[in-house]
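Novice: The following block contains the structure, expressed as structure tokens.
The values are calculated or read from the model by the stated rules, or taken from the named source; none is laboratory data. All values derive from a computational prediction rather than experimental measurement. As a convention, Cβ positions derive from the backbone with ideal geometry for all residues, glycine included, and neighbour counts pool all protein chains shown. Each accessible area value is taken on the protein alone, full model and side chains, heavy atoms only, with ligands, DNA and RNA left out. Shrake-Rupley method; radii C 1.70, N 1.55, O 1.52, S 1.80 Å.
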Amino acid sequence: MPLRMYNSAHWILCRFDNKEMCLNIYNSYTKIVKEPVVLEAVLPFSVMIPYLLFHTGFFEGKNIPEQEALKPLVVKMVPKLPQQKNDGDCEIYVIKYAEYFINEMLNEMPKIFNIAQVRKHLATQLYVYAKRKQVENYDTDNDWVPKDV
């Protein structure tokens, strides 16, 4: 999940690993936004997610005692990620981290992103997607989006 940290004007990617029962944190600005600040921001999620899982039946049939199931999640900082050079590109890095994770290519992520090129590529992808929707006349299942937009 993308997470705008309440204690900093910075976005990080927070990924819940349900096998290891941990939160993996992707921080693109470790030089400025240090680990203690990130840990403070994700602590509420670390505590709340086990309760949500417990009360939705996630642990049923897994022989995990309630006390163990309700422990806060371990938070792991993902090391050696591409890092932003300024304080305005964190959202682009969150998108790219998510893209590489979703495509199961984390090990192939470059050490440096060409942010200008990434921005153009994202804009092009959005434009092509919107144009395709118009041409093929299909609708997205979003009730909150007016049909005349």
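Novice: Of the conditions (1) outside any loop (DSSP other than H, G, I, E, B); (2) surrounded by fewer than 17 Cβ atoms within 10 Å (Cβ to Cβ), Glu104 satisfies every one except a single condition; which number is it?
Specialist: (1)
Novice: Continuing with the same structure: In the range 54-90, what residues are charged (D, E, K, R), closer than 18 Å to Pro44 by Cα and free of Cβ contacts under 8 Å to residues at least 12 places away in the same chain?
Specialist: Scanning the range 54-90 gives a single hit, Glu68.
Novice: For the list (1) closer than 16 Å to Trp11 by Cβ; (2) β-branched (Val, Ile, Thr); (3) open to solvent by 50 Å² or more (accessible area, probe 1.4 Å), I need the number of the one condition that Val78 fails.
Specialist: (3)
Novice: Additional query: With respect to Val118, determine if the residue is more than 25 Å from Val37 (Cα to Cα), among the β-branched types (Val, Ile, Thr), open to solvent by less than 50 Å² (accessible area, probe 1.4 Å) and not in a strand (DSSP E or B).
Specialist: yes
Novice: Taking into account only those residues within the range 1-57 that are assigned to a strand (DSSP E or B) and of a type outside the set (A, V, I, L, M, F, W, C), which is most open to solvent (accessible area, probe 1.4 Å)?
Specialist: Arg4
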